[in-house]
Amino acid sequence: MPPTKHMTGNVFFGYLLDGLFNLAGALTGQSILLVGMMTEAVVTPWLSDRDLALANVKYVLNAAGGLREDFRPSPDGLIVNARTRLLGEAVDLLERIVSDDGGLLAAIAAGTFGLMKRPPDGGKGADG
């Protein structure tokens, strides 16, 4: 996923950060990469920004795409420990949602999964 929440407005830093996220995708063998663009938060990004973003992906995949076969995280290393911790937190959160009154819809309404709160009777859908 592109690092949108880490963007500062510095396009050079952002372009580099997008490249690092592309590298993470290449190292982990992602078959689909979500491409980060400099004007990502704009509804209609500039075509030149799309071109630069795709060039970034192609460059990283061509330069580092073969590293996946040699990439093995250490069993006690940062990546494995972070994965274990995050997976545990996700399971805990889902168990808490299941045990709470209202379940998933109440969790979405409370903004559990992000900054936006989505009440079940609000929004633009058929009945809210």
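Site pair R96 and N81 shows an inter-label distance of 2.3 nm when each label is modelled 7 Å from Cα along Cα→Cβ.
On a 0 to 90° scale, report how tilted helix 11-27 is relative to the longest principal axis of the chain, with both axes built from alpha carbons and the result rounded to the nearest 10. Approximately 90 degrees, to the nearest ten.
Rolling a 1.4 Å probe over the protein chains gives E95 an accessible area of about 110 Å². Between H6 and L104, the contour length at 0.36 nm per residue exceeds the Cα-Cα span by 32.5 nm.
In the chain, the sites counted are chymotrypsin sites (Phe, Trp or Tyr not before Pro) in DSSP loop states with at most 13 other Cβ atoms within 10 Å, and the longest stretch holding none of them, exclusive of the sites, is 1-45.
Model label sites at R50 and E89, defined 7 Å from Cα along the beta-carbon direction, differ in position by 3.5 nm.
Counting 0.36 nm for each residue step from K124 to S31 and taking away their Cα separation leaves a gain of 30.2 nm.
Roughly speaking, to the nearest percent, how much of the chain's 1.4 Å accessible area is carbon and sulfur?
On the way: 6240 of 9940 Å².
Using a 1.4 Å probe with all protein chains present, the chain comes out at 63 percent carbon and sulfur.
Comparing L34, L94, L67 in a Gaussian network model of the chain (Cα springs below 10 Å), the most mobile by mean-square fluctuation is L94. Scalar couplings 3J(HN,Hα) for segment 96-109, obtained by applying the Karplus form with A = 6.51, B = -1.76, C = 1.60 to θ = phi - 60°, are 5, 5, 5, 7, 7, 5, x, x, 4, 4, 5, 5, 5, 4 Hz; x denotes Gly and Pro.
Highest GNM mean-square fluctuation among T112, T28, T39, for the chain modelled with Cα contacts below 10 Å: T112.
Scalar couplings 3J(HN,Hα) for segment 113-119, obtained by applying the Karplus form with A = 6.51, B = -1.76, C = 1.60 to θ = phi - 60°, are 9, x, 6, 8, 9, 10, x Hz; x denotes Gly and Pro.
May I ask you to give the solvent-accessible area per residue for the chain, in square angstrom, as obtained with a 1.4 angstrom probe?
Values: 9940 Å² over 128 residues.
Value returned for the chain: 78 Å² of accessible area per residue.
Reducing segment 1-25 and segment 33-108 to their Cα centroids gives an inter-centroid distance of 12 Å. The candidate values were (1) 13, 51, 34, 2; (2) 11, 26, 28, 27, 8, 0; (3) 13, 45, 34, 8, 0; the one computed from these coordinates for P(r) over Cα pairs in 10 Å bins from 0, in percent carries the label (2).
The values are calculated or read from the model by the stated rules, or taken from the named source; none is laboratory data. Source: prediction; values computed, not measured. Glycine gets a Cβ as well: all are built from the backbone with ideal geometry, and neighbour counts include every protein chain shown. Only protein heavy atoms, including side chains, enter the accessible area calculation; ligands, DNA and RNA are left aside. Shrake-Rupley method; radii C 1.70, N 1.55, O 1.52, S 1.80 Å.
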